[in-house]
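Structure, as structure tokens:
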């Protein structure tokens, strides 16, 4: 018979892992949706530190679709531009902008599945498995009652 407390730790870790899994899967889905996007040449017009955060940056790239000029402020879908992005994309640098042909305002410099989305999804999957592993090790470490039976002559 399985004791209910055996599944408590995996259940708790599954509850904590579920948001990670959902966020990761949403990021992966969004990234897969970009496979049909078009590309355009652009030029970085803003590249500066963000006043909102020590580690983030504001990067904007202008690109033209038809006769309309658009601004793209997304470097990687689902992620805030970093200071490293700011160093890699100074003002005046050329960049390839991927955009949704139906809505060119939906755009990004780097499309594809972000490593962070994969990490979030894996974390959400591995947390309950880790709980099962810990529970099985804890239960196997509990000494079992041993009954010695002496042979009778």
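Read-outs: derived from the displayed coordinates by stated rules, not from any lab. Keep in mind the model is a prediction, meaning the values are calculated, not measured. When we count neighbours, we look across all protein chains shown, and the Cβ atoms used for this are built from the backbone with ideal geometry, even at glycine.
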**Study point:** Centre separation in Å (Cα based) which lies between the range 13-36 and the range 38-85
**Key:** 23 Å
Practice item. Once you have a ≥ b ≥ c as the square roots of the Cα gyration tensor eigenvalues for the range 1-78, tell me rounded if a/c is under 1.5, and otherwise prolate or oblate according to whether a/b is larger than b/c. Key: oblate
**Study point:** Options (1) 186; (2) 138; (3) 196 - which one matches volume of the Cα convex hull per residue in Å³ as calculated here
**Key:** (1)
Practice item. Compute the long axis of helix 8-33 from its Cα atoms, compare it with the longest principal axis of the Cα atoms of the chain, and write down the angle in degrees, 0 to 90, nearest 10. Key: 30 degrees
Review point. Where does each of 64, 34 land when they are ranked from fewest to most other beta-carbon atoms within 10 angstrom?
Key: 64, 34
Exercise for review: Quick one: compute the contact order of the chain, relative version, from alpha carbon pairs under 8 angstrom and 6+ residues apart, as a percent.
Suggested key: 34 percent
Study note, to complete from the structure: Everything considered on the Cα gyration tensor (a ≥ b ≥ c; rounded for a/c under 1.5, else prolate if a/b is larger than b/c, else oblate), the range 38-110 must be described as prolate
Practice item. Pairs of Cα atoms under 8 Å, at least six residues apart: use those to get the relative contact order of the range 38-110, whole percent. Key: 38 percent
Exercise for review: Fewest Cβ neighbours within 10 Å first, please rank 130, 63, 20 accordingly.
Suggested key: 130, 20, 63
